[in-house]
Amino acid sequence: MDMDKETILRKVKNVLEQVRPYLQQDGGDVNFVELTDDNTVIVELTGACGNCPHSKMTLKNGIESVMKKVIPEIKSVEQVETLDL
């Protein structure tokens with residue numbers, strides 16, 4: 001049974017709330033940006049996570065693995081590209 005986009009969105013935000021305290025322990029945070037039509041979650045890593053060399057690993061091994069375990073419909077979790085102006 002496929003979940004509707006609203007249900008997936010609610011679950012995505014819930015998972016982010018669950019992982020947020022772990023990121024905050026290291027001085028970082030995560031913000032939800034978008035759920036694409038192909039069920040890719042776009043997030044922004046901020047604070048210490050925003051420019052940490054391990055942020056890609058945190059994103060894929062941490063946030064994405066939890067997200068896909070809880071919500072099998074999720075294809076991937078990607079970090080929004082931030083522009084340094």
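The values are calculated or read from the model by the stated rules, or taken from the named source; none is laboratory data. All values derive from a computational prediction rather than experimental measurement. For neighbour counting, all protein chains shown are included, and Cβ atoms are generated from backbone atoms with ideal geometry for every residue, glycine included. Note: accessible area is taken over every heavy atom of the protein model, side chains too, but ligands, DNA and RNA are not part of it. Shrake-Rupley method; radii C 1.70, N 1.55, O 1.52, S 1.80 Å.
Listed values, structure above:
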| read-out | value |
| --- | --- |
| Selection within segment 31-85 - free of Cβ contacts under 8 Å to residues at least 60 places away in the same chain, closer than 19 Å to Lys11 by Cα, among the hydrophobic types (A, V, I, L, M, F, W, C) and in contact with a strand residue (DSSP E or B) (Cβ under 7 Å, 6 or more places away or on another chain) | Phe32, Val33, Leu35, Val41, Ile42, Val43, Leu45, Leu59, Ile63, Met67, Val77 |
| Of all residues in segment 1-41 being surrounded by 13 or more Cβ atoms within 10 Å (Cβ to Cβ) and assigned to a loop (DSSP other than H, G, I, E, B), the one that is farthest from the chain's Cα centre (by Cα) | Met3 |
| Qualifying residues in segment 42-72 (those that are among the hydroxyl-bearing types (Ser, Thr, Tyr) and out of contact with any Cys (no Cβ under 8 Å at 6 or more places or on another chain)) - the one most open to solvent (accessible area, probe 1.4 Å) | Ser65 |
